[in-house]
Amino acid sequence: MNTLPVVRSPWRIFILVVGFTFLYAPMLMLVIYSFNSSQLVTVWAGWSTKWYGEVFRDTAMMNAVGLSLSIAALSATMAVVLGTIAAVVMVRFGRFRGSNGFAFMLTAPLVMPDVITGLSLLLLFVAMGSSLGWPGERGMMTIWLAHVTFCTAYVSVVISSRLRELDQSIEEAAMDLGATPLKVFFVITVPMISPAIISGWLLAFTLSLDDLVIASFVSGPGATTLPMLVFSSVRMGVNPEINALASIILGVVGVIGLIAWWFMARAEKQRMRDIQRARQH
């Protein structure tokens with residue numbers, strides 16, 4: 001069968017170049033200025049790596065990085081667990097009493113302004129502290145609970161879209177052969193939706209690590225996340241250490257993203273091969 005030649009339009013290439021430039025040029029400038037030896041970020045004074053050493057000697061910044069990474073990892077993990085359960089309920093349980101309200105309340109954090117979410121969670125924690133005595137003070141726990149609240153909504157949307165695309169005949173065949181629904185879920189369903197689970201975890205991790213508004217409402221004096229520290233520093237002038245730290249984060253996130261993409265692409269290819277073999281037999 002003859003295939004039509006691919007036409008590479010100059011206009012299409014131009015739009016692609018402009019789009020990538022708009023997205024990645026600021027990041028490239030940030031990485032370049034992280035090697036600036038000057039204390040003033042806007043004045044170039046030669047190449048130097050001293051700010052990378054200063055980052056690791058800054059105790060406050062390292063504490064903020066550790067706190068943000070811990071909260072992001074814990075929030076993403078819990079959001080994946082809750083989001084997967086919610087997605088299974090919405091997709092596989094069909095219509096039930098209160099299903100519309102459940103779906104609405106689950107997706108409400110997607111469109112709710114961060115200011116409203118942060119203020120409502122702050123009032124909730126204050127009311128719980130007054131009536132129940134917990135939480136006694138706002139800190140890592142309250143930030144974690146707040147991040148799980150809005151990250152679960154994003155994870156459930158990602159996983160539910162994947163569940164709707166699955167061929168349920170494989171699960172039905174396993175149940176016909178005597179497998180229990182719980183075993184079918186963990187042995188068949190979870191591996192098939194693993195790319196969505198990984199994507200949801202990475203999305204929730206990024207959202208939690210990037211959050212500033214909600215964390216500012218629900219944090220206490222002893223809990224300062226990295227976005228809060230960066231925002232307070234930028235208001236007094238950009239610190240060159242922030243450029244170095246941001247460059248390190250970009251590099252780590254880029255490597256993790258490539259590794260995750262490779263695993264998901266490999267899993268998807270294996271899934272397609274398994275489906276083709278099942279259809280042939």
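The values are calculated or read from the model by the stated rules, or taken from the named source; none is laboratory data. Owing to the predicted nature of the structure, the values given are computational and were not obtained by experimental measurement. Glycine also receives a Cβ, built like all others from the backbone with ideal geometry; neighbour counts cover every protein chain displayed.
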Would you call Asp274 charged (D, E, K, R) and in contact with a Ser or Thr (Cβ under 9 Å, 6 or more places away or on another chain)? no
The residue that is modelled with the highest pLDDT, considering only those in region 36-60 that are more than 28 Å from the chain's Cα centre (by Cα) and among the β-branched types (Val, Ile, Thr), is Thr49
Between a first residue in region 237-265 that is surrounded by 14 or more Cβ atoms within 10 Å (Cβ to Cβ) and a second residue that is at pLDDT below 85 and not in a helix (DSSP H, G or I), which pairs have beta carbons less than 7 Å apart while being 6 or more apart in sequence or on different chains? Val238/Val41; Pro240/Gln39; Pro240/Val41; Asn243/Val41
crowded, with 16+ Cβ neighbours inside 10 Å, small (Gly, Ala, Ser) and over 16 Å from Ser156 (Cβ atoms): is that true of Gly94 in this structure? no
Conditions: (1) in contact with a helix residue (DSSP H, G or I) (Cβ under 8 Å, 6 or more places away or on another chain); (2) aliphatic (A, V, I, L, M); (3) within 27 Å of Ser208 (Cα to Cα); (4) surrounded by fewer than 16 Cβ atoms within 10 Å (Cβ to Cβ). Met175 meets all but one. Number of the miss? (3)
Condition test on Ile159, is it buried (at least 16 other Cβ atoms within 10 Å of the Cβ), in contact with a Ser or Thr (Cβ under 6 Å, 6 or more places away or on another chain) and touching a residue at least 40 places away in the same chain (Cβ under 8 Å)? yes
Taking the conditions exactly as written (farther than 29 Å from Ala196 by Cα and assigned by TED's automatic domain parsing to the domain that holds Gly251), does Leu123 satisfy them or not? yes
Checked against (1) within 16 Å of Ala64 (Cβ to Cβ); (2) at pLDDT 80 or above; (3) not β-branched (Val, Ile, Thr), Arg235 satisfies every condition except (2)
From the residues in region 97-129 that are polar (S, T, N, Q) and either free of Cβ contacts under 8 Å to residues at least 24 places away in the same chain or more than 24 Å from Ser208 (Cβ to Cβ) (or both), which one is surrounded by the most Cβ atoms within 10 Å (Cβ to Cβ)? Ser120
Got at least one residue in region 137-154 being touching a Phe, Trp or Tyr at 6+ places or on another chain (Cβ under 7 Å) and either surrounded by fewer than 19 Cβ atoms within 10 Å (Cβ to Cβ) or closer than 19 Å to Thr225 by Cβ (or both)? yes
